[in-house]
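Trainee: Please read through the structure below; I'll follow up with questions.
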Amino acid sequence: MPSTTRTGRAIVAAAGLALAATTIVASPATAATRTFDDAAGDVAHGVDVRSVKVVNDKNVRVVVRHDDLVRSFRSGASMTVYLDTDRSGPGPEYGLAGALFEGGDYGLLPTVGGGWKLSRRALPLECSYVSRIDYAADVTRIRISRGCLERPGEVRVAVRAGGEQPDGDIVRDWLDGRRVLTPWVPRG
Ligand SMILES: [Ca+2]
Ligand SMILES: [Ca+2]
């Protein structure tokens, strides 16, 4: 019967779409959201990056999941989220750098010299941004108003987390690899 055939095709097509979405995007929500996974346990420190979600919408939001964040400064945990907002300029244009222990400071800084070095001095950015740490969920949530970033279209990020082990060794965990930027995330 024709109606059965149509239904069958529709189901096959839907299954194919669902499979493709699962393969390419870990958490499909809107076109403006992408999630990127990183290896678990590649550094022996709670700051270990597990995944990074980028939301390019009303604000630019970056949600980083870690293995285990703790309040104590002894973790030495820190993170820099580099933001590439302009294809025509080399490397990322901004970096949000901060400590991931309780009471730690953070700041959004422009990059200098080809993208990976942060300016020592913050520009007087007349915009709002915030970085919040959830120690129970082991998540860092960053929200940056578009005005801070000269109202970009698409954006992409690179993430570097670091920490100090009890013996004093410093470890680093880049999302994917050193200075590796994610694919571009379109404006939603
Ligand atoms: Ca990792
Ligand atoms: Ca750039």
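Trainee: Based on what the data block shows, is G147 more than 16 Å from ligand 2 (Cβ to nearest atom), out of contact with any Ser or Thr (no Cβ under 6 Å at 6 or more places or on another chain) and not in a loop (DSSP other than H, G, I, E, B)?
Mentor: yes
Trainee: Of the residues G115, G76, only one is surrounded by 17 or more Cβ atoms within 10 Å (Cβ to Cβ) and at pLDDT below 95; which?
Mentor: The unique qualifying residue is G115.
Trainee: Kindly evaluate V180 against the criterion of being closer than 29 Å to H45 by Cβ, touching a Lys or Arg at 6+ places or on another chain (Cβ under 7 Å) and not assigned by TED's automatic domain parsing to the domain that holds A44.
Mentor: So V180 fails the test.
Trainee: In contact with a Pro (Cβ under 7 Å, 6 or more places away or on another chain) and within 19 Å of F36 (Cβ to Cβ), is that true of T111?
Mentor: In short, no.
Trainee: Still on this model: So is D105 modelled with pLDDT of 95 or more and either touching a His at 6+ places or on another chain (Cβ under 6 Å) or acidic (D, E) (or both) or not?
Mentor: no
Trainee: Kindly indicate whether any position in segment 138-159 is of a type outside the set (D, E, K, R), farther than 22 Å from D57 by Cα and assigned by TED's automatic domain parsing to the domain that holds L69. Don't jump to the end; show me each part of the working.
Mentor: Looking only at segment 138-159, we keep the residues that are of a type outside the set (D, E, K, R), and these are 139-140, 142, 144-145, 147-149, 152-153, 155, 157-159.
Remaining after also requiring farther than 22 Å from D57 by Cα: none.
Scanning segment 138-159 turns up no residue that is of a type outside the set (D, E, K, R), farther than 22 Å from D57 by Cα and assigned by TED's automatic domain parsing to the domain that holds L69.
Quick grid of which residues meet (1) among the polar types (S, T, N, Q); (2) away from ligand 1 (no atom under 16 Å from the Cβ):
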| site | (1), (2) |
| --- | --- |
| H45 | no, no |
| S75 | yes, no |
| T85 | yes, yes |
| G95 | no, yes |
| G113 | no, yes |
| E126 | no, yes |
| V139 | no, no |
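Trainee: Shifting gears a bit: Filter segment 153-173 down to the residues that are over 16 Å from the mean Cα position of the chain (by Cα) and within 16 Å of ligand 2 (Cβ to nearest atom) and list them by number.
Mentor: Once the filter is applied, which keeps residues that are over 16 Å from the mean Cα position of the chain (by Cα) and within 16 Å of ligand 2 (Cβ to nearest atom), segment 153-173 yields only G153.
Trainee: Then there is this: State which residue pairs qualify: first residue under 12 Å from E154 (Cα atoms) and more than 16 Å from ligand 2 (Cβ to nearest atom) and inside segment 45-69, second residue outside any strand (DSSP E or B) and of a type outside the set (A, V, I, L, M) in any location, beta carbons under 6 Å apart, and separation of 6 or more residues or different chains.
Mentor: Sorted first by the residue in segment 45-69, then by its partner, the pairs are D57/G188.
The values are calculated or read from the model by the stated rules, or taken from the named source; none is laboratory data. Computed from a predicted model, the values in this text were never measured in an experiment. Glycine also receives a Cβ, built like all others from the backbone with ideal geometry; neighbour counts cover every protein chain displayed.
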